[in-house]
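Below you'll find the structure, written out as structure tokens, and then a few comments.
Values quoted throughout were computed directly from the atomic coordinates according to the rules given, and no laboratory measurement underlies them. The structure displayed is predicted, hence computed values, not measured ones. No Cβ is skipped: glycine too gets one built from the backbone with ideal geometry, and neighbour counts run over all protein chains shown.
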Amino acid sequence: MMLTELFSHVLHMSLTATVVIVAVCLARLFLKRAPKIYSYLLWALVLFRLLCPVSLVTSFSVIPDSVSSGAILTEWEDDYIGQTHTIYDNRSEYDAAVEAGRETFLAEEGHYYVVTGSDGISEPNTVENTIMPVLSKIWVVGILALMLHSVLSYVRIRKQTRVAVPFRNGVYLADDVTSPFVMGLFRPVIYLPGSLDASERKYIIAHERHHIRRGDHIFKALGFLALSIHWFNPLVWLAFALASRDMEMS
């Protein structure tokens, strides 16, 4: 149940982040001629919404109440087909069923009933206790798949840079590297292709060092973490791609 509740919370975070992603994409249209740093900074709002579990409470929201409250996840299936409507003539028995958290209805004056499972005792089937447990397991499998891909990519890069030659402080040359990149979070190192033309080298080093000074390598790592958590949301993939592009252009 904890996994289902966690996934339900992530779904809500992803839905609210979708609204922010759409807003940022629209804002980028108005910032086409502005320096790309402004578009790039907007993606920090998306990253915050994807990773921060706390939401600000306001009187206005574009998210429907049934979604933001989670009620959409507990709608009864099939209009009660296959469920038992238990009739209570005794109000105290009815009140006890209400306290148990079952869905309740007033049938007619002096008679009450609650919706239960087919055995007349257990809770009825809902999206939350039937579909959500399956979806939450698929969600975890997706996260593990992306993490495995990340680990394999890291191992491959380490093999490529194993025989890298120091060029200058924090910069290495490697023959197996095809494009410049920064590796490491706390002690980032720049790797350059060994075949890179010497006349271009100083400009590329300046470019990569600017990434490091700005903390782009940390931002991209957090972006991949958010992508791994919200991998089921196609707009998060779009946001990751556009944010990476704005990062380079800025």
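What is the Cα radius of gyration of the range 163-250 over 2.2 N^0.38 Å, N being its residue count?
Its radius of gyration relative to the 2.2 N^0.38 Å reference: 1.22.
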* For the residue pair residue 141 and residue 32, what label-to-label distance in nm results when each label sits 7 Å from Cα along the Cα-to-beta-carbon direction? -> 4.3 nm
* Structure fact -> For the range 134-180, the Cα gyration tensor yields equivalent-ellipsoid semi-axes (√(5λ), largest first, whole Å) of 35, 9, 7
* To do: Using per-residue counts of other Cβ atoms within 10 Å, averaged over each peptide, order 243-249, 39-45 from highest down.
  => 39-45, 243-249
* **Full-extension gain in nm, residue 195 to residue 157, via 0.36 nm per residue minus C-alpha separation** => 12.0 nm
